[in-house]
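> Mind having a look at this structure? Questions to follow.
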Amino acid sequence: MPWSTLLPIRLQQPPVVSDSATNLETITPLRQWIRQQTSSGLTLFQQYTEADRQDVARVSLFVDDMKDIAYTSNNEIHVGGDYIQGITGDIKWDFNGVLYHEMAHIWQWDGSAGTKAPGELIEGIADFMRLKADYAPPHWVKPGEGERWDEGYDVTARFLDYCNDLRDGFVVELNKKMRVTYSDNFFVELLGKPVDQLWMDYKAKFGN
């Protein structure tokens, strides 16, 4: 059964973004686009059955009059109208990357039933999903850069990509473990080394 029949989409778009050059409706048929993002997110997390994933009946997308780029809460993705109007390059490519990140938040686990995972790791996993979908923007840090593995966003995404190269499917397995709780020891269980040692190995590999 296609994901589009499992996940109805409710699009909310107030007229704060009305310029024809930046209106989301000019980018692509948006409902179909979001369904494609949903299918891609479930595939990246390998959540092929209802038992594998979050109980999400509907995803809503809002374009808001706000300065922030985007945030996700309660299965709602809110995107800033100022961000959209400020895109100077390929609006579809740029917005697609943001949507991959936010859709990852819809489907990822965070250990909230027990010890919740650090927010920086949650954001890093979302950016990892964006990276694997080939939507990493040029301003991201290069592999090996950063001060801490749990710095979040692109720094953590690059580190997770390194870990995923050590064990294919590592991030998927890490996400599955985070369904109930979180522990740094998950890195030991999956990769055989403490996360701090993995970070040092990662930095050494790239000469940083």
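Each reported figure results from applying straightforward, stated rules to the coordinates on display, with no laboratory input. If you're wondering where the values come from, they're calculated on a predicted model, not measured in any experiment. Virtual Cβ from ideal backbone geometry, glycine too; neighbours counted across all protein chains shown.
> Considering every residue within region 156-165, establish whether at least one is closer than 21 Å to Gln108 by Cβ and free of Cβ contacts under 8 Å to residues at least 24 places away in the same chain. Steps first, answer last, please.
Of region 156-165, the ones closer than 21 Å to Gln108 by Cβ are 156-165.
Imposing the further condition that a residue be free of Cβ contacts under 8 Å to residues at least 24 places away in the same chain reduces the set to 165.
The answer is yes; a qualifying residue exists.
> Separate question: When the residues of region 172-186 are filtered to those that are within 16 Å of the chain's Cα centre (by Cα) and part of a helix (DSSP H, G or I), which remaining residue is surrounded by the most Cβ atoms within 10 Å (Cβ to Cβ)?
By that ranking, first place goes to Leu174.
> For region 164-184, which residues satisfy the criterion of being touching a Leu at 6+ places or on another chain (Cβ under 7 Å) and closer than 16 Å to Glu123 by Cα? Can you show your working first?
The initial filter retains those residues of region 164-184 that are touching a Leu at 6+ places or on another chain (Cβ under 7 Å), namely 166-167, 170-171, 173-174.
Listed by number, the residues that qualify are Val171, Leu174.
> Is it the case, given these coordinates, that Tyr100 is among the hydroxyl-bearing types (Ser, Thr, Tyr) and at positive phi?
On the way: among the hydroxyl-bearing types (Ser, Thr, Tyr): yes; at positive phi: no.
The answer is no for Tyr100.
> Same structure, new question: Just wondering, is there one or more residues in region 132-147 that are surrounded by fewer than 17 Cβ atoms within 10 Å (Cβ to Cβ), among the small types (Gly, Ala, Ser) and assigned to a helix (DSSP H, G or I)?
Checked region 132-147: no residue is surrounded by fewer than 17 Cβ atoms within 10 Å (Cβ to Cβ), among the small types (Gly, Ala, Ser) and assigned to a helix (DSSP H, G or I).
Yes/no per residue for (1) assigned to a helix (DSSP H, G or I); (2) without any contact (Cβ under 8 Å) to a residue 60 or more places away in the chain:
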residue: Met66; (1), (2): no, yes
residue: His78; (1), (2): no, yes
residue: Asp82; (1), (2): yes, yes
residue: Lys92; (1), (2): yes, no
residue: Tyr100; (1), (2): yes, no
residue: Met103; (1), (2): yes, no
residue: Gly111; (1), (2): no, no
residue: Thr115; (1), (2): no, no
residue: Glu120; (1), (2): yes, yes
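> A follow-up question, please. Before we move on, is Gly192 under 30 Å from Gly89 (Cα atoms) and either in contact (Cβ under 8 Å) with a residue 24 or more places away in the chain or surrounded by fewer than 17 Cβ atoms within 10 Å (Cβ to Cβ) (or both)?
Numbers: under 30 Å from Gly89 (Cα atoms): no; either in contact (Cβ under 8 Å) with a residue 24 or more places away in the chain or surrounded by fewer than 17 Cβ atoms within 10 Å (Cβ to Cβ) (or both): yes.
The answer is no for Gly192.
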